[in-house]
1. Please go through (1) in a helix (DSSP H, G or I); (2) buried (at least 22 other Cβ atoms within 10 Å of the Cβ); (3) touching a strand residue (DSSP E or B) at 6+ places or on another chain (Cβ under 6 Å) for residue A:524 and return the number of the only condition it doesn't satisfy.
2. With respect to residue A:518, is the statement that it is in contact (Cβ under 8 Å) with a residue 12 or more places away in the chain, among the basic types (Lys, Arg), touching a helix residue (DSSP H, G or I) at 6+ places or on another chain (Cβ under 6 Å) and within 14 Å of chain B (Cβ to nearest Cβ) true?
3. Step by step: first the residues of segment A:628-644, then only those that are under 27 Å from residue A:785 (Cα atoms) and out of contact with any helix residue (DSSP H, G or I) (no Cβ under 7 Å at 6 or more places or on another chain), then the one that is surrounded by the most Cβ atoms within 10 Å (Cβ to Cβ). Which residue is that?
4. Of the conditions (1) acidic (Asp, Glu); (2) within 30 Å of residue A:275 (Cα to Cα); (3) away from chain B (no Cβ under 14 Å), residue A:793 clears all except one; give me its number.
5. Within segment A:577-585, does at least one residue satisfy the condition of being on the phi > 0 side of the Ramachandran plot and either out of contact with any strand residue (DSSP E or B) (no Cβ under 7 Å at 6 or more places or on another chain) or open to solvent by less than 40 Å² (accessible area, probe 1.4 Å) (or both)?
6. Do any strands (runs of 3 or more DSSP E) entirely within segment A:75-131 hold 1 or more residues that are of a type in the set (Asp, Glu), and if so, which?
7. Is it the case that segment B:153-163 has a residue that's at pLDDT 90 or above and either over 25 Å from residue B:102 (Cβ atoms) or touching a Phe, Trp or Tyr at 6+ places or on another chain (Cβ under 7 Å) (or both)?
8. If the requirement is being part of a helix (DSSP H, G or I) and under 30 Å from residue B:115 (Cα atoms), which of these qualifies: A:480, A:463?
Amino acid sequence: MEVIVKALLKSLFEKKTRTLLVIFSIAVSAALIFANESFSKTVRQKVYDADVRWGGNSDLYISTRDVVGAEEWIDTDRLLSEYGGAFEYAFQFVKEKALYMPSLEQMHYFLMIGADIEEFNHYNPLTLSEGSYQDWEGFNIIVGRAYANEYDFKVGDVVNLELNNAEYDFKIVGISEPKGLFLRELADGGYILAPKETLSEIFGGNSNLVFLKLKDFSQRESLYVRLTRDFPEYQVKYGVNDEVIDAETQNYVMPFRISTLTVLFMCLFIINTAFTLVTLERIPIVGTLRSIGCSRRKINVILVLESACLGIVGGLLGCVLGLGVLQFIKYSYTNVDEALANTTVVFGVQEVGMAVGAAVIITTLTAILPILRLTKTPIKNIILNDLSVKQGRKNFWWIAGVVLLTACVFVPPFLPNNFMGMVGGGILVTGALIGLIPLVPFLTRHISKWVGEMPFLSQDIALGLRNIRDNRSLMNNIQLFSVAIAIVAFMVSLFNTMGTDLVQAFKKDNYDIRLTLRHSDEESLAKLSQVEGVDLYAGSYQSHTAILNHQTFLNVLCGIDGEDFFALNPVGDLDLNREALATLDAGRNVITTNVLKGKLGLKLGDTLLIQFGSKQIPYTITGFVETNWGIGHVGYISSNNYREGMGVSDYDFIYIKTGQDVEKVRNNILRTLNKDVMDIVTHEEWITANADKVIAIFNAISSYGYFALLVGIIGIINNLVVSFIERQRNFAMVRCIGMSKKGLNRMLITESIAMGVLGVGFGVMCVLVMSSAIPVTVGPMWGRVTVQLAVTEMSVMAAVGIIAMLAISYVPILRSEKLSLIETIKYE
Amino acid sequence: MDKMIEVHNVYKSFQLADSTVEVLKNVDLEVEKGEFISIMGPSGSGKSTLLYLMGGLDKASAGTICVNGVEMQSLDDETESRMRRNDIGFVFQAYNLIDNLTLEENILLPALLEGKKKKDVIKKAEELMETVGILGRRNHTPKELSGGEQQRTAIARALINDPAVLFADEPIGNLDSKTGKEILELLRKINKAKDITILMVTHSEESTQYGKRIIRLKDGEVVVAPQT
């Protein structure tokens, strides 16, 4: 047995290149699986970090309400006297707005947190990149790196801030890394840490923000209820909801998972091809072993175990490669999501185990067929070197290919716009890819025959065209190439569609300026309406919250006054929802989106249990609109209901339409409302800031597909080398009967160009077919989309692909230069 | 008579690892036009090597070889290839047909490579197929034929461009004796009918009866090359 294993292993490693190709293909598959699993874990950590950046390690927190007339300070004595025994800690902070205004154009409101630094570090540890908090007293402050870079703050700088209508000079003693509270500073609007006593003195109170850690975590739920009941004048909030974290994680991870599936398909194909070649070359040794009495079963077991070992090697190598893939993903997010770019990559034994396990399964399953084919070959045929496939039997698999591609074109419009429809779309797309494989030989044979019969072609070119339909390795190359083109072009088109749609959604908005005021009371709004150039405005309340009875979230719960909001932020199907809009305030009614309708299987009249701060309030669905704002996780309720539920009074955003020069109107607003303006951004600035991020994310995801192309090219090179080796004798022969070297080269070049052109042609044809299923595949998650084929990318791929095939053809050409006619044709 | 082949002071050696192996040493011979020569010798005597040198499939280490008045050593690839299409025909032990072409296409190939149109040479091909006895199998591929039929096809292919010389390397080595005799008889018939010079490497003494002269090689040297 040992001898047999040794002989087989030796024969495997004699073909180093081939074996390396198999291991590399396995490693790429494993790398993608590893990267996906680790990325999922990393994203979950990132989402968790983001969600706890405010709450830290506390279990609950209490804050005053941001409503006119609400209590300004928390009665901490009452709180501690009644509940103090339940708390491990109750850290009392002050939170207030501080205005930084070096100029009218550079006005910015920070949220200032007054805290005892030891207590702060305990609840939400600080990571300073510069400075220290040794002397935490007086007017010393800590700022975050993001705004330090924005305003060129350095340790030691003195910054003038306006608090409570007076100006104060603060000294920067530390700059924090974007971690903890400062994790998403740019998105949150910026934080400044100051000594608690200083802020208490400036604002005349003890604390308006208390973080609580419980001695017994199991009491969290009941304590939340009791505190909400006993302190209705304040807001009581939880830390994080795990199910919501999972839902948010999926949104990041799902596109990468889709990419991985398609690339895995490619890798499977290549592994199978490589294994087929490897096993074919081992026919002689297997024949010898069989002829001396080794049973089929024994050889099968050894070869399957051998492929499993290759899977382990490839899997482990893949984990190492996977770390590189992870860094690539993180790097892709650097300019898009700073928090993710800064999150530590998380992986462990589980991810390594999954990657290696998957590699072993993939390798073993793909190797089984070639192994069985090998061991089933009669010994006599092996010894007599008669391994030809029986001719005469026609292959009708191409009909299945036609059926699968046709289905992908005609079935999608009949699929429902929900999760099942999405699954159906995915199946149709995969079916089209699978159907392409048997269709390629059928079409190649007919096309090459038709072109080869053209009278003006020289014989070497005609032979080249003949060879691509008769040689298995060359045909395999066309299949590989067309599948690779189809996969990459489809993925790029898919994400082009989603990305373009999202960018179009930004552009579709009808407002010119978006404004946030300190207080959007009647006086401020009256002033705004008088500003020259403000033709129309509509306020809205917006927050991110959970839908508790569906374990998902609303990216935007939007409180609106009426239809004016939609005049400035258009949505589709508005006409179908006029009545729902008119009655939005008639009860606890909510209009949501077709995306959520499809995802959650919602219908009119269903209830959404929405989280409003510390309360959970049921809302009845009265309409569905078409939008992919907030990736479709949006709910519209009346402003009154929002104010009542959230306990707020000021609009989060006011959208403004003008018929005049936008910059001029912006300046008019700043001059009129001055320090009341917390944030003002034009529509163009908003598009610029976000569109690039969207495109960057999708570019990162679709670049996964280029892994498939890379592996495909390696497979093609290998096939070309093998086909050369298989046909050496033929090449020597045609040279013997008078084909010149140039003629032979022309023949080889013809083969390569034909493979390139056909591969590109079939791949593009398949993409056009597969794109029919894009709307139904993404609709349930993304809303209605218009397919945007990646025409530019496909054209570039086509040109590069054909040039690459031409370049690769020099591999057999160079080998043919060294071909010894005599050694090749002599039959020893 | 005209000299068809002249070989003077030819040496051929191969490099194997650290040593040099001399396969042919100081070979001298001449072949007249229309002769049917058998080249014999034990394994490793250099007979196939000599045949391939004369056929332009390899270059001698030293010496000169002229075929049909053309000095073979100094030819470029294009000229050599043209010679192999038009002046020289090869028949191999393993037939060496192209598997994915039909018999007819295999036979036509040298003519098509020469740039001739199929319609101009198909009649000739049919005549050759008739001569060698495979006309009824013209649309079959090599895999569907017996060894004898494949070798007949190879002979027909070698003759399509009316070569001056036909080189045959153990043409009946893979055939049974009856078929082998048929092939040898065919070669004799072609030699007589078309006055084509034939050089045939063979192990079989019996085969030499079909030729006019025997050249014997031993250890890379010509032992006996009697004139007819």
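1. Condition not satisfied by residue A:524: (2).
2. Values: in contact (Cβ under 8 Å) with a residue 12 or more places away in the chain: yes; among the basic types (Lys, Arg): yes; touching a helix residue (DSSP H, G or I) at 6+ places or on another chain (Cβ under 6 Å): yes; within 14 Å of chain B (Cβ to nearest Cβ): no.
No: the conditions fail for residue A:518.
3. Initial filter on segment A:628-644 (under 27 Å from residue A:785 (Cα atoms)): A:628-637.
Now drop any that are not out of contact with any helix residue (DSSP H, G or I) (no Cβ under 7 Å at 6 or more places or on another chain), which leaves A:630, A:634-637.
Values: A:630: 19, A:634: 23, A:635: 22, A:636: 28, A:637: 25.
Top of the filtered list is A:636.
4. Condition not satisfied by residue A:793: (2).
5. Start the filter on segment A:577-585 by keeping residues that are on the phi > 0 side of the Ramachandran plot, which leaves none.
The answer is no, given that none of the residues of segment A:577-585 is on the phi > 0 side of the Ramachandran plot and either out of contact with any strand residue (DSSP E or B) (no Cβ under 7 Å at 6 or more places or on another chain) or open to solvent by less than 40 Å² (accessible area, probe 1.4 Å) (or both).
6. Numbers: elements: A:87-100, A:108-115, A:128-131.
Once the strands (runs of 3 or more DSSP E) in segment A:75-131 are filtered for at least 1 residues that are of a type in the set (Asp, Glu), what remains is A:87-100, A:128-131.
7. yes
8. On the way: A:480 fails: under 30 Å from residue B:115 (Cα atoms).
Result: A:463 is the single residue among A:480, A:463 that is part of a helix (DSSP H, G or I) and under 30 Å from residue B:115 (Cα atoms).
The values are calculated or read from the model by the stated rules, or taken from the named source; none is laboratory data. The structure presented is a predicted model; accordingly, all values stated were derived computationally and were not measured. Neighbour counts run over all protein chains shown; Cβ positions are idealised from the backbone, glycine included. Heavy atoms of the whole protein, side chains included, go into the accessibility calculation; ligands, DNA and RNA do not. Shrake-Rupley method; radii C 1.70, N 1.55, O 1.52, S 1.80 Å.
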